[in-house]
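As structure tokens, the structure follows; a few thoughts come after it.
The values are calculated or read from the model by the stated rules, or taken from the named source; none is laboratory data. Since the structure is predicted, the reported quantities are computational estimates derived from the model, not experimental observations. Glycine also receives a Cβ, built like all others from the backbone with ideal geometry; neighbour counts cover every protein chain displayed.
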Amino acid sequence: MPARPTSASSSNLKRPWIKKALLYDELDRGRVRCKTCERKCIIPPGELGFCKTRKNSSGELITLQYGLSSGISANPAEKKPFYHFWPGSRALTVGSWSCNSSCPWCQNFHISKSEPDPSRSEYIPPEKFVSLVGEYGCQGTSISFNEPTLSLEWALDVFRLAKERGLYNTFVTNGYMTLEALRALRDAGLDALCIDVKGDAKMVRQYCGLDVEIVWRNVHKAKRMGMHVEVVNLVIPGVNDRSDQFRDLASRHLEEAGKETPLHFTAYYPAYRFSAPPTPVSVLERAHDIAVSEGVEFVYVGNVLGHKYENTYCPECGELLIERLGLELLKTNLEENRCRNCGRKIPIVGRIYLPSQKSR
């Protein structure tokens, strides 16, 4: 069932993007505590939380962007990046507005640093969005571009409808949702998360204003809940590009996610308020090699077109299993998700779509 319209104003019936929020506590003096993300903002009457997508309306927390879209497109799974989840498939991807992180290098700052704005948005009801998945020739849904947790209520309604139609559901996220939100997403039909860990505790606190322990907790919990997880680390020169940082991250990845969970080191390019030079390929290769030496079995280099570490190799015998060029799958060497050379089982979720199969 769609979220109930807030009772704050009868005019909200004409503004369907305003809904009662799912997760919050009522406090004294009309204040509320938002429980959507781990910032857990305490919001006085009439005020907004940190992300400016949720407002205290007379003691009731409302979301200001239910179904507001800042952009929609059909994207390859590899763009998220998902390399072990429905490889080669396409997900109808939608973004909204704002973020709960303060990263100064955000590539999508034009939407992540903006408050919800109906005049710049398209309102897309869940039923319409799910119907568009088939029209765009996609196999699933993805909420991305900005932090998807801020669209929690809409996501839950979309995921339930998508599941009824046999579609998969994904999140591309900073992983800072509460456990209550994560469980609600799982129960509604979230299948996979691409989680951007960003770096070590000091760096994530300094630049993003987040506690990385929460992010790693959610990596671990999402795996335990049965969802597919891939971990991403954007490598930024002078911020999180030291060998000891790569080693510590790989060690934590093994502890929380496991050796078979894909780990992506992606290249940074200057954006928003950050002007450090682009990540050297040699640094990404060093990160890859350190993670492999620590025991992570599937490590990838991203945002470097044509690099050999875009490909999937068998961790047992080194055979090339999935060859990629950027976001495109070229060929596979798997038989029932096993290496044709040595028989090693490769953790792939869903069907693999090669270019000739995508229209089928």
> Do any residues in the range 19-31 that are touching a residue at least 60 places away in the same chain (Cβ under 8 Å) have Cβ atoms under 9 Å from those of residues that are assigned to a helix (DSSP H, G or I) and among the small types (G, A, S), where the two are at least six apart or on different chains, and which pairs are they?
Replying inline: L22/A181; L22/A184; L23/A181; L23/A184
> From the residues in the range 292-311 that are surrounded by fewer than 16 Cβ atoms within 10 Å (Cβ to Cβ) and of a type in the set (G, A, S), which one is farthest from T279 (Cα to Cα)?
Replying inline: G295
>> Condition (residue is β-branched (V, I, T), touching a residue at least 12 places away in the same chain (Cβ under 8 Å) and part of a strand (DSSP E or B)) applied to the range 55-62: is it met by at least one residue?
In response: yes
>> Looking at the range 177-192, can you tell me whether even one residue there is within 21 Å of W105 (Cβ to Cβ) and in contact with a helix residue (DSSP H, G or I) (Cβ under 8 Å, 6 or more places away or on another chain)?
In response: no
>> The conditions are (1) in the same structural domain as V349 (by TED's automatic domain parsing); (2) in contact with a Gly (Cβ under 8 Å, 6 or more places away or on another chain), and A267 fails exactly one of them. Which is it?
In response: (1)
> From the residues in the range 104-156 that are of a type in the set (S, T, N, Q) and part of a helix (DSSP H, G or I), which one is nearest to C37 (Cα to Cα)?
Replying inline: T149
> Can you name the condition, by its number, that L320 falls short on among (1) touching a helix residue (DSSP H, G or I) at 6+ places or on another chain (Cβ under 6 Å); (2) in the same structural domain as P347 (by TED's automatic domain parsing); (3) not aromatic (F, W, Y)?
Replying inline: (1)
> Looking at P116, P16, which is the one that is under 23 Å from the mean Cα position of the chain (by Cα), at pLDDT 95 or above and not charged (D, E, K, R)?
Replying inline: P116
> Any idea which residue in the range 157-214 is farthest from F265 (Cα to Cα), counting only those that are in contact (Cβ under 8 Å) with a residue 60 or more places away in the chain and of a type in the set (A, V, I, L, M)?
Replying inline: A184
> Are any residues in the range 145-197 of a type in the set (G, A, S) and surrounded by 22 or more Cβ atoms within 10 Å (Cβ to Cβ), and if so, which ones?
Replying inline: S151, A155, A162, G175, A192
>> Can you report the number of residues in the range 279-291 which are surrounded by fewer than 16 Cβ atoms within 10 Å (Cβ to Cβ) and in contact (Cβ under 8 Å) with a residue 12 or more places away in the chain?
In response: 2
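To keep it simple, each residue is scored yes or no on (1) in a helix (DSSP H, G or I); (2) under 28 Å from I346 (Cα atoms); (3) more than 14 Å from the chain's Cα centre (by Cα).
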position: D187; (1), (2), (3): yes, yes, yes
position: L193; (1), (2), (3): no, yes, no
position: D244; (1), (2), (3): yes, no, yes
position: K259; (1), (2), (3): no, yes, yes
position: H264; (1), (2), (3): no, yes, no
> In the range 207-230, which residues are in a helix (DSSP H, G or I) and among the small types (G, A, S)?
Replying inline: A222
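Listed here are the residues, each with its yes/no results for (1) assigned to a loop (DSSP other than H, G, I, E, B); (2) of a type in the set (A, V, I, L, M, F, W, C); (3) over 30 Å from G326 (Cβ atoms).
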residue	(1), (2), (3)
L22	yes, yes, yes
D25	no, no, yes
K40	yes, no, yes
F50	yes, yes, yes
Y66	yes, no, yes
A74	no, yes, no
P81	yes, no, no
> Mind checking which pairs have a first residue in the range 64-76 that is within 23 Å of S89 (Cβ to Cβ) and modelled with pLDDT of 95 or more and a second that is aromatic (F, W, Y) and assigned to a loop (DSSP other than H, G, I, E, B), Cβ under 7 Å, 6 or more apart or different chains?
Replying inline: G71/F145; A74/Y136
> From the list P237, P262, which one is crowded, with 22+ Cβ neighbours inside 10 Å and in contact with a Ser or Thr (Cβ under 9 Å, 6 or more places away or on another chain)?
Replying inline: P262
> With respect to E328, is the statement that it is touching a residue at least 60 places away in the same chain (Cβ under 8 Å) and closer than 26 Å to D289 by Cβ true?
Replying inline: yes
> Listed residues G295, G302; which is on the phi > 0 side of the Ramachandran plot and not aliphatic (A, V, I, L, M)?
Replying inline: G295
